[in-house]
1. Quick one: what pairs do we get from region 340-365, first residue in a loop (DSSP other than H, G, I, E, B), second among the acidic types (D, E), C-beta under 7 Å, 6+ apart or different chains?
2. Inside region 120-203, counting only helices (runs of 4 or more DSSP H) that do not spill past its ends, which hold 3 or more residues that are in contact (Cβ under 8 Å) with a residue 60 or more places away in the chain and crowded, with 24+ Cβ neighbours inside 10 Å?
3. Return yes when L26 is open to solvent by 20 Å² or more (accessible area, probe 1.4 Å), out of contact with any Cys (no Cβ under 7 Å at 6 or more places or on another chain) and closer than 29 Å to L225 by Cα and no when it is not.
4. Which of the numbered conditions does D284 fail, given that it passes all the others? Conditions: (1) free of Cβ contacts under 8 Å to residues at least 60 places away in the same chain; (2) outside any loop (DSSP other than H, G, I, E, B); (3) under 23 Å from V177 (Cα atoms); (4) not small (G, A, S).
5. Show the residue pairs that are 6+ apart or on different chains and have beta-carbon atoms under 7 Å apart, the first residue being within region 1-13 and touching a residue at least 12 places away in the same chain (Cβ under 8 Å), the second being part of a helix (DSSP H, G or I) and basic (K, R).
6. How many of the residues making up region 25-71 are more than 19 Å from F115 (Cα to Cα) and part of a helix (DSSP H, G or I)?
7. Please verify whether region 36-43 includes one or more residues that are β-branched (V, I, T), without any contact (Cβ under 8 Å) to a residue 40 or more places away in the chain and open to solvent by 40 Å² or more (accessible area, probe 1.4 Å).
8. I'd like to know if region 491-501 contains one or more residues that are modelled with pLDDT of 90 or more and exposed (fewer than 13 other Cβ atoms within 10 Å of the Cβ).
Amino acid sequence: MSYLLRDGRLSMVPIYDDVVYLIDGLSRLAVLDRQGIVRCLFDYVYAHPPHAPLVALTSLLGLLLSAGAPWGPYMLSAGWIVLVLLLGWVALRHANQWTRIGILVAALAMPMFGFVLTEFRPDPVWGLLVGFAVIVSASADVIWARPAKLVALGLLFGTAIVSKPTATLASMMVLAVAWIAQIGVSLLTMQAWNIGRAARASGWVTLGAACIVVPYLAINGAAILGYIREVMGSESMWRTQASALGHLTYYLNRATGTLVLGWAWYAALPLFAICAAVIVRFRDSRALPAFAAVMAAAVTAYLIATLSPVKSLMIGSILYGTVVAAVVWSLGYLTTRIPFRGRVVLVFGAVVFATQWVPRTGQVHREDPLMLAADTANRAVLPALTDILRATPNAVVLVTVPGPTYAGTLDFLSRQQGLVRTFMSGYTSDSWERVQQNASSADVIVLSEVGMVGQSLGYSFPSLKYQTRLLDELRTGGDFTGRPAFTDAKNRSVWLFVRNRK
């Protein structure tokens, strides 16, 4: 948290994409303040179900804790790390307590745990929950487990799935393939097949998962499907342009891998190979189903992330979270087969943590000139904008292009001052007619000049093509009055246009 406040994301104004979830939390906090707990729960569960349930809950409670300041949700995200560690503790049930502590301490040095705090979005939590749900299942003899434990496992699966609803199919596929591999290998290694018990176990787990997944999708499934189509569609601007080799290695290259996995990027494949060798050496039929489940999950996660036409570090969380969990399981298994003393493993974990952990993690840092430009511009524009909003109670604000000012950032900062207005982003306007339509419905337009530092963050947003034309029309037309609200070192400005009252 100290790093975040000094040099990381919290040292700057909230910037896309975290700000979306912070705005959601502020809106729910307003409902809680004015209408109480019951209405807030109704709003959360039914009236306005969240885009990402776990992050929305963290946002609400964190902003409640910090009186609306962004640091609250980021700090409260540490609770998800605690939950993942508890799942790791359960998954390492066959090791002694010192061994379990040592392995989990070493795991904490992996930067992905830091991503849970530095990136306030569902992806890092989602990846870790899916991965650790797999190893919790792998550590149990699920065919002979009691129904209550199987339902509890299903509830864990369901929680992992809804932690990022837009990735429901990907999560279900990873968990299902891992489960089938575990059950299938278990049956193959049994002296007598017990397909009936395997089917019952699968039924109980499915029931537990359905208790969480089905109600959520019944209420919010259409919205989630629409979002998936928009982002993953064949014409989507988010599609990654790369060669076949580029797609295959996108998540495996050293720079990206070490950014998220740290030391585990180097250790993962050797650990998996050693586990396979030990299982073969000892003919360990009890560990084979678990190993099959863990490897099946990792391979499936890799294939899903790699075959997806849209790629990003956050989407890769399902792969990275599964690899983190697989490394934890592998270390746990090896310590049960190789006679290490528990305190030796504890010392090993402490050494790994001391030599590998650094507070600097995440994707947003003050040293990035794009982020710094966005921070400066949003802070500079805000005072003039809030003066306008105070004088215009029902104002609709249009931010035409992303960066250096953002609709979400200005919305959040305005809400902090009690100014709840309608903010629209025209980033994806793909025709002049649509640009005009958006402008005609706005009372205030925030428009930056072409080429400002921090603009578009490397993406070719359609609205950029119409930026200069719209600026010229607003300057020369009679519907709006405008003035620069911020001018950068290259004498390029962010303009505020206010509709003239008739």
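The values are calculated or read from the model by the stated rules, or taken from the named source; none is laboratory data. Small disclaimer: the values here were computed from a predicted structure and weren't measured. When we count neighbours, we look across all protein chains shown, and the Cβ atoms used for this are built from the backbone with ideal geometry, even at glycine. Ligands, DNA and RNA are stripped out before the accessible areas are found, and what is left, the full protein with its side chains, is counted by its heavy atoms. Shrake-Rupley method; radii C 1.70, N 1.55, O 1.52, S 1.80 Å.
1. Note: pairs meeting the criteria are G362/E119; Q363/E119; H365/D7.
2. 123-138, 168-189
3. Judged against the criteria, L26 is a match.
4. Among (1) free of Cβ contacts under 8 Å to residues at least 60 places away in the same chain; (2) outside any loop (DSSP other than H, G, I, E, B); (3) under 23 Å from V177 (Cα atoms); (4) not small (G, A, S), the lone unmet condition for D284 is (2).
5. Once the first residue is touching a residue at least 12 places away in the same chain (Cβ under 8 Å) and sits in region 1-13, its partners that are part of a helix (DSSP H, G or I) and basic (K, R) give V13/R379.
6. 29
7. Yes: region 36-43 contains one or more residues that are β-branched (V, I, T), without any contact (Cβ under 8 Å) to a residue 40 or more places away in the chain and open to solvent by 40 Å² or more (accessible area, probe 1.4 Å).
8. Scanning region 491-501, I find at least one residue that is modelled with pLDDT of 90 or more and exposed (fewer than 13 other Cβ atoms within 10 Å of the Cβ), so the answer is yes.
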